[in-house]
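Any read-out appearing in this document is the output of simple, stated calculations on the displayed coordinates, not a laboratory observation. In this text the structure is predicted, and so the values were computed from the model without any measurement. As a convention, Cβ positions derive from the backbone with ideal geometry for all residues, glycine included, and neighbour counts pool all protein chains shown.
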Amino acid sequence: QQINKGKYEHYMQKEIHEQPESLTTTMRGRLIRGGSHKVKTVLLGGLKDHLKTIRRSRRIVFIGCGTSYNAALAARPILEELSGVPVTMEVASDLLDRQGPIYREDTAVFVSQSGETADTLLALEYALENGALCVGITNTVGSAIARHTHCGVHINAGAEIGVASTKAYTSQIVVMAMLALAIGGDTISNEAKREATIDGLIDLPNKVREVLQLDQEMKDLAKLLIAEQSLLVFGRGYNYATALEGALKVKEVALMHSEGILAGEMKHGPLALVDENLPIVVIATRDACFSKQQSVIQQLHARKGRLIVMCSKGDAAAVSPGESCRAIEVPQVEDCLQPVVNIIPLQLLAYHLTVLRGFNVDQPRNLAKSVTTQ
Ligand code: AGP
């Protein structure tokens, strides 16, 4: 395991920039080619004896904390689409607080970079007591969650040292997209989506390399935002998770208040915050929610919102309602993989904001890499 910073100043910076390689490692040996050299299927060795049971589950429940929860949220739509099994989400501590229902017919998927998070581990014990099939998705071979689950997948992202999780997040999403493909199997109705997703996965490291070229642009944006008190991030659909995760990165390391907002909830409260001073990132890359996000941009602009719009390459003019609006153009990928690309400019923004504000990037105050107590 490489644990030096190499040419980088901070682990977080290194871990952001090594994502093309960590994603490649996550996928290695798991996308299987057919005779014609066409990629046919996904092989997740740790799950192969359990796929039938997972397909027959009454529901799939994702359980995690922080960034790991956000990664599961990003993957939820593709799992719903390909598996046909209802997928629900649980923050581990909240499941325990409520003693929420977990059934024998459930598949409970525990997502944790460290594999040692106390709340997630206790939720695992609870799900085991209730008889669910328990699947672990971790980055740490031999961790408590890896050991105590019935089966699982290692994300193989390599050691993550920075307290802010970056490369583990993108590798978790990729593993869960592969999980969706594996559970979905080779049904005819899913064929086009499956092939597009597999092609998208193969090309993803290249797209991530491309989006990392926004580093200087994100540094320039951080300079503009350095003295702000707050930053809102609006997303929906696949990129609701991106809004939550981008905001978590900014608050966690840059120590700036930041909130990820489900854009569909805008008129139910958050719109009252909008004025000409508060910076707002709106994620409006091309997917099924694009036209709804265009309408959100118009409504925020009508309230003189200070907008930074993340859009697909070539869309800057189309999404910018006025000269004051800044655009961040990112490469377009398959909709279910777009959260992997879209989080990267926000990781870079959080990193540069932190350095410029003079805070500790790798060890933010009050936080630990692995939260092993409740
Ligand atoms: C991520 O940047 C945070 N440090 C935190 O939210 C973290 O993701 C959470 O504590 C869960 O950790 P785990 O993935 O190791 O279980």
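Cβ neighbours within 10 Å, averaged per peptide: list 61-67, 166-172, 353-359, 48-54 in order, most packed at the top.
Highest mean packing first, the order is 166-172, 61-67, 353-359, 48-54.
Percent of Cα-Cα pairs more than 34 Å apart in the chain, please.
Everything past 34 Å amounts to 25 percent.
Under the Karplus relation 6.51 cos²θ - 1.76 cosθ + 1.60, θ = phi - 60°, what is the ordered set of whole-Hz ³J(HN,Hα) values for segment 287-297, x standing for Gly and Pro?
With coefficients 6.51, -1.76 and 1.60, one gets 7, 4, 9, 4, 5, 5, 6, 4, 5, 4, 4 Hz.
Evaluate the relative contact order of the chain (contact order divided by residue number), counting alpha-carbon pairs under 8 angstrom at least 6 apart; express in whole percent.
This gives 19 percent for the chain.
Which order, highest average first, do 120-126, 144-150, 222-228 follow once you tally other Cβ atoms within 10 Å for each residue and take the mean per peptide?
120-126, 144-150, 222-228
Can you give me the long-range amide H partners of MET310? Hydrogens built in the peptide plane at 1.01 Å from N, cutoff under 5 Å, separation of 5 or more residues or another chain.
VAL282, ILE283, ALA284, ILE328
Return the lysines within reach of LYS267: Cα separation strictly under 17 angstrom, same-chain partners fewer than 8 residues apart disregarded; answer none if there are no such residues.
Leaving aside lysines fewer than 8 places away in the same chain, those within reach of LYS267 are LYS292, LYS304.
What residues have an amide H closer than 5 Å to that of VAL109, excluding those fewer than 5 places away on the same chain, when H is modeled at 1.01 Å from N in the peptide plane?
Excluding prolines and chain starts, which carry no amide H, the hits are VAL61, PHE62, ILE63, VAL135.
Give me the distance in nm between label points sitting 7 Å out from Cα along the Cα-to-Cβ direction at THR187 and ARG303, one decimal.
Simple spin-label model gives 4.0 nm for this pair.
Given labels modelled 7 Å from the Cα in the Cβ direction, how far is it in nm from SER291 to ILE32?
That separation, rounded to one decimal, is 4.1 nm.
Under 5 Å between amide H atoms, partner at least 5 residues away or on a different chain: which partners does VAL87 have, H built in plane at 1.01 Å?
Distant-sequence amide H within range of VAL87: ILE60.
Kindly provide the helix-only [θ] at 222 nm of the chain, computed as the sum of -39,500 (n - 2.57) over DSSP H runs of four or more divided by all residues, to the nearest 500 deg cm²/dmol?
It comes out at -13500 deg cm²/dmol, rounded to the nearest 500.
Could you work out the pair-distance distribution P(r) of segment 17-134 from its alpha-carbon pairs, with 5 angstrom bin width and percents rounded to whole numbers?
The calculated distribution, bin by bin, is 2, 10, 17, 21, 21, 14, 8, 5, 2, 1, 0.
Towards the positive end of the charge dipole of the chain, with charges on Cβ (+1 Lys, Arg; -1 Asp, Glu), say which of GLY358, PRO339, HIS268 has the farthest Cα.
Positive-most Cα among the choices belongs to PRO339.
Percent relative contact order of segment 56-153, based on C-alpha pairs within less than 8 angstrom and at least six residues apart?
It rounds to 28 percent for segment 56-153.
Can you tell me the length gained on complete extension of the stretch GLU195 to GLU81, counting 0.36 nm per residue apart and subtracting the Cα distance?
39.7 nm
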